[in-house]
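Since the structure comes first, as structure tokens, the remarks are kept for the end.
The values are calculated or read from the model by the stated rules, or taken from the named source; none is laboratory data. Remember, it's a predicted structure, so these values are computed and weren't measured experimentally. Note that each Cβ is placed from the backbone with ideal geometry, even for glycine, and that neighbours are counted across all protein chains shown. Accessible surface is based on the protein model in full, side chains and every heavy atom, while ligands, DNA and RNA are left aside. Shrake-Rupley method; radii C 1.70, N 1.55, O 1.52, S 1.80 Å.
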Amino acid sequence: MKVLKFGGTSVGSAERIKSVAELIGDGQPKIVVLSAMSGTTNTLVEISDCLYKNDRQKASDIIQNLEQHYFDTISELFETEPFIRKSKEFIETIFTYLRSFVNKDFYPLQEKAVVAQGEIMSTTLMHYYLEERGISNSLISALDFMRIDKDCEPDYFYIRQNLEREMAQSGIQPLVITQGFICRNAYGEIDNLTRGGSDYSAALIGAALKAEEIQIWTDIDGIHNNDPRIVEHTQAIRQLSFDEAEELAYFGAKILHPSSIQPAKKERIPVRLKNTLHPQDEGTLITEKSPVKNIKAVAAKDGITAINIKSTNMLLAYGFLRKVFEVFEAWKTPIDMIATSEVAVSLTIDNTAHLEDIIKDLEKFGTIEVDKDLSIICIVGAFDAHKSGLGAQVLNALEEIPLRMISYGGSEHNISMLVNTADKNRALIALSSHLLS
């Protein structure tokens, strides 16, 4: 059995839903994981924001407009009166539920339940459309098997146990439809796997069932060897290792959610990235090992903040770095890059939610300097970072770009550099010209 995930743009209109139905209705056993229709999640978040602010009229207006959008989609999607009626009745129940929040106090936890309605609507409409076309399928709720624990991490045992139970139900069809992104938390409340979490859902489902393959379908023909929005004539990479794909997903490849590689990697399940607009294209295949030892791609991650700690008295003291890391651990803030000298340590973060608290805690160790508006550029591939000439190639390519930090030699799959975001585009173009042409 394969697991196929389709993102919001892939089911973003009646026409797109029909195209996905053509792809999945081939009679082969599969689980199909769907995101909300494109734009729906953002609109549901906007409704929640209005409810927080007690702007009831604006919330009502947005709800009304979104409901009409779904009614219009139903009119375009279905051909027979029974399915048009059934679908509209279902949508009405969803929006009656959303309106129930308008005239009462709104709490943070309720936002998760509001946002979850997007996936519930897209999967139900797909289920009904397949039924109208005579394609047998089963709709199962992710809320019945997908769960995170108290640390907001997937509860692997619960997911496997309850998903196997759902799949063993009497009458379950070879084609199964379910939601991505949404789940329950350790207390049984509706929650989610964060934005982009439909990829994660598909990977968790594939790992739990030890699927033959996990396919991530978007409107892009795989991971490109550079950012096509900035660099001309980029190419889709045909095959990557799990390690390479993890690096690219974390450092800027938007096509794939960073967390989605881990479950597949653990169970050694191939992941294939495909394009719904060009399903005949082979896309990008991610497997355990890279077939070729070379540089595969360049990626960039924006929104980076650098923190420099200068301390002539403490840096060489036993346990100093441990104490620095404990500050970031206490504020649950991951570190991307780090560099040290005899009197200073510099590191980067991309989550600045607790920046002021972190700085306050670090000030007891020395003088703190903070730089913002930075980007990390990484070169990813299967290579020996100690190989003669590789570092020189990279530095030659970036000879006109001021480099703030370099991470080189710590990984066989990644060389990273910190630059001003204003220099990012020039750096990507230069690296593409020197290393990928």
> Can you spot a residue in region 385-395 that is modelled with pLDDT of 85 or more, open to solvent by less than 30 Å² (accessible area, probe 1.4 Å) and not acidic (D, E)?
Replying inline: yes
> Mind checking which residues of region 10-32 are closer than 20 Å to D221 by Cβ and either open to solvent by 60 Å² or more (accessible area, probe 1.4 Å) or in contact with a Gly (Cβ under 8 Å, 6 or more places away or on another chain) (or both)?
Replying inline: G12, E15, R16, E22
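Rundown of residues vs (1) touching a Lys or Arg at 6+ places or on another chain (Cβ under 6 Å); (2) farther than 21 Å from G7 by Cβ; (3) modelled with pLDDT of 95 or more; (4) not β-branched (V, I, T), yes/no style:
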{"site": "G188", "(1), (2), (3), (4)": "no, yes, yes, yes"}
{"site": "R195", "(1), (2), (3), (4)": "no, no, no, yes"}
{"site": "G206", "(1), (2), (3), (4)": "no, no, yes, yes"}
{"site": "K210", "(1), (2), (3), (4)": "no, yes, yes, yes"}
{"site": "I214", "(1), (2), (3), (4)": "no, no, yes, no"}
{"site": "I220", "(1), (2), (3), (4)": "no, no, no, no"}
{"site": "I223", "(1), (2), (3), (4)": "no, no, no, no"}
{"site": "H233", "(1), (2), (3), (4)": "no, yes, no, yes"}
>> From the list K310, K266, exactly one residue is farther than 24 Å from S10 by Cβ, of a type outside the set (F, W, Y), open to solvent by 70 Å² or more (accessible area, probe 1.4 Å) and in contact with a strand residue (DSSP E or B) (Cβ under 8 Å, 6 or more places away or on another chain). Which is it?
In response: K310
>> Please go through (1) under 23 Å from R184 (Cβ atoms); (2) over 23 Å from the mean Cα position of the chain (by Cα) for D61 and return the number of the only condition it doesn't satisfy.
In response: (1)
> Can you pull out the residues in region 222-258 that are in contact with an Asp or Glu (Cβ under 8 Å, 6 or more places away or on another chain) and open to solvent by less than 40 Å² (accessible area, probe 1.4 Å)?
Replying inline: G222, T234, A236, S241, F242, G252, L256, H257
> Across region 288-302, which residue is modelled with the lowest pLDDT among those that are open to solvent by less than 50 Å² (accessible area, probe 1.4 Å) and part of a strand (DSSP E or B)?
Replying inline: I295
> When you scan region 324-345, how many residues do you find that are touching a Pro at 6+ places or on another chain (Cβ under 8 Å) and exposed (fewer than 13 other Cβ atoms within 10 Å of the Cβ)?
Replying inline: 0
> Of all residues in region 48-98, how many are at pLDDT below 95 and buried (at least 19 other Cβ atoms within 10 Å of the Cβ)?
Replying inline: 0
>> Just to check your reading of the model, which residue among T348, T421, T367 is open to solvent by 80 Å² or more (accessible area, probe 1.4 Å) and not aromatic (F, W, Y)?
In response: T367
> Within region 386-422, can you find the residues that are free of Cβ contacts under 8 Å to residues at least 24 places away in the same chain, closer than 19 Å to F251 by Cβ and not hydrophobic (A, V, I, L, M, F, W, C)?
Replying inline: Y408
> So, of the residues in region 256-272 that are touching a helix residue (DSSP H, G or I) at 6+ places or on another chain (Cβ under 9 Å) and within 20 Å of P291 (Cβ to Cβ), which turns out to be modelled with the lowest pLDDT?
Replying inline: L256
> Applying the selection to region 130-162, what residues are among the hydrophobic types (A, V, I, L, M, F, W, C), surrounded by 16 or more Cβ atoms within 10 Å (Cβ to Cβ) and assigned to a helix (DSSP H, G or I)?
Replying inline: L130, A142, L143, I159
>> I need the full set of residues from region 62-72 which are in contact with a helix residue (DSSP H, G or I) (Cβ under 9 Å, 6 or more places away or on another chain) and of a type outside the set (F, W, Y), in order please.
In response: I62, I63, Q64, N65, L66, E67, H69, D72
> From the list M1, M37, which one is open to solvent by 50 Å² or more (accessible area, probe 1.4 Å) and in contact (Cβ under 8 Å) with a residue 60 or more places away in the chain?
Replying inline: M1
